[in-house]
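Let me begin by presenting the structure, written as structure tokens, before commenting on it.
The values are calculated or read from the model by the stated rules, or taken from the named source; none is laboratory data. This structure is a prediction, so every number in the text was calculated from the model and none was measured. Here the Cβ positions follow ideal geometry from the backbone for every residue, glycine too, while neighbour counts run over all protein chains shown.
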Amino acid sequence: MPNLSSDETRRRRSIYLLPNAFTTANLFAGFYGIVQAMNGRYEIAAIALFLALVFDGMDGRVARLTNTQSAFGEQYDSMADMTSFGIAPALIMYEWMLHDLGRWGWLAAFIYVVGAALRLARFNTNIAVVDKRFFQGLPSPAAAALVAGFMWLAVDNKFHLQDGAIAWIAFAVTVYAGVAMVTNLPFYSGKSFALGRSVPFWVILVLVAAFVFVSSDPPVVLFGLFVVYGLSGWGVLLWRLRKAKQLSFRRANDDQPPGNDTENR
């Protein structure tokens, strides 16, 4: 076991209020979403999951900015994520539409839950060996946003489809989100963006424009954004395969001996 200084040992055993308050808010939002779904308020349940995503994105960044990381916070964050982005989306989708499909509905919900559990377990064990710029598999918050975004869009805009069709689309979205979490597809993490560093003025303008764009029609915009993100891993994978193929082709040409030019005599 590595020797730790007294300050490092104290930090590992410490419980810090500020980052764990955001984690608690994340957990509360996920639980609140389940309660609202049980009461038939599916739009509020979807909004609660998006709020959980915001709180989850804040706790880690706040901990790094204030230098208040702790082993307790890491474990607490994983437990909260499993509730808000693993169990809550599956139960909400099942309560909303998947229950109409019988056993196929609860199987889709279970695929999502086990995918989230495996995703979080793999993330915790591989956190020190993977590329910080990319997630390995679809992150559980993005998977939850994909599921909640579809439900919010369907409830808010009332698709002109038969209930059976919506149920099977919900099945496909839930299964895709669950399977995507356990793939090796690379998804951009955004961790390279530091909140503490200075940025040009135009970045603030882009941020304001983004808020205006999202507020114009939140269900459509948010679902569209997370659909793009949920498919981006395939694009990054194809780009990497193409680069690897080009690199292997160049190496093969470089290793090829020069041809013997002969002249007719």
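Points worth noting:
- Residue count, the stretch 59-75 (criterion: over 21 Å from A29 (Cβ atoms), surrounded by 13 or more Cβ atoms within 10 Å (Cβ to Cβ) and of a type outside the set (G, A, S)): 4
- Lone qualifier among A121, A117 - being without any contact (Cβ under 8 Å) to a residue 12 or more places away in the chain, of a type outside the set (V, I, T) and surrounded by fewer than 18 Cβ atoms within 10 Å (Cβ to Cβ): A121
- Only a single criterion out of (1) farther than 24 Å from P219 by Cα; (2) touching a Ser or Thr at 6+ places or on another chain (Cβ under 6 Å) is not satisfied by N67, namely (2).
- Enumeration of residues in the stretch 181-190 that are small (G, A, S) and under 10 Å from the mean Cα position of the chain (by Cα): S189
- When G86 is tested against (1) without any contact (Cβ under 8 Å) to a residue 60 or more places away in the chain; (2) surrounded by fewer than 18 Cβ atoms within 10 Å (Cβ to Cβ), just one condition goes unmet, and that condition is (2).
- The condition (being modelled with pLDDT under 80, among the hydrophobic types (A, V, I, L, M, F, W, C) and in contact with a Lys or Arg (Cβ under 9 Å, 6 or more places away or on another chain)) is satisfied by just one residue among L161, L195: L195.
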